[in-house]
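The values are calculated or read from the model by the stated rules, or taken from the named source; none is laboratory data. Please read all numbers here as calculations on a predicted model, not as lab measurements. Here Cβ is always computed from backbone atoms with ideal geometry, including for glycine, and neighbour counts include all displayed protein chains. When the accessible area is computed, the model is the full protein with side chains, heavy atoms only, and any ligands, DNA or RNA have been set aside. Shrake-Rupley method; radii C 1.70, N 1.55, O 1.52, S 1.80 Å.
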Amino acid sequence: METTNDYTISEIDDTDRHWIGFSVQNMIRLIDERSFGEVMDYFDPGLLDRFFGKCLEEYNAGRLDKNILTFAFGCGLGEYLVRKLGFRWVLFSDSRGSDLAVADKEKKLVVFPISSTRKRFEVSEAEGFTAIADTVLSRYSSN
């Protein structure tokens with residue numbers, strides 16, 4: 001666990017690991033139901049943008065649940081960073097609460113994929129996963 005005066009970053013527990021795995025499986029199911037078997041890489045940010053857009057339309061029509069979509073696609077983006085850059089899931093806590101995040105090994109770069117996905121609903125924006133991934137890749141490679 002890493003603690004500063006402002007925040008704490010700690011390892012996730014088995015319950016969090018299970019929830020992330022469950023959410024990723026939901027993402028895969030949601031994509032499979034809309035892709036007709038054309039998916040090669042479920043964690044590709046461009047693919048996440050495309051299928052989140054389809055799911056956002058269904059959410060706006062009252063056919064899908066916001067929380068399921070938030071966790072499914074947020075965990076999908078987090079898993080992309082875990083697999084691509086070797087980040088790991090962590091629990092970030094500060095005076096406002098706690099949130100699942102992914103961080104590099106040194107915990108210098110912390111990304112909040114679930115919170116970022118939640119914000120997509122506030123602006124009704126389908127795209128954003130590619131932009132986030134590109135920004136993180138750029139910042140990570142410059143460290």
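Summary of values
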| read-out | value |
| --- | --- |
| Counted residues, segment 57-81 - those being over 10 Å from the mean Cα position of the chain (by Cα) and open to solvent by 10 Å² or more (accessible area, probe 1.4 Å) | 12 |
| Residues (at pLDDT 95 or above and either over 18 Å from Met27 (Cα atoms) or among the β-branched types (Val, Ile, Thr) (or both)) located in segment 98-108 | Ser98, Asp99, Val102, Ala103, Asp104 |
| Residue check for Ser93: on the phi < 0 side of the Ramachandran plot, open to solvent by 10 Å² or more (accessible area, probe 1.4 Å) and touching a residue at least 60 places away in the same chain (Cβ under 8 Å) | yes |
| Inter-residue pairs, beta-carbon under 6 Å, first within 15 Å of Asn67 (Cα to Cα) and in segment 15-33, second among the charged types (D, E, K, R), 6+ apart | Val24/Glu79 |
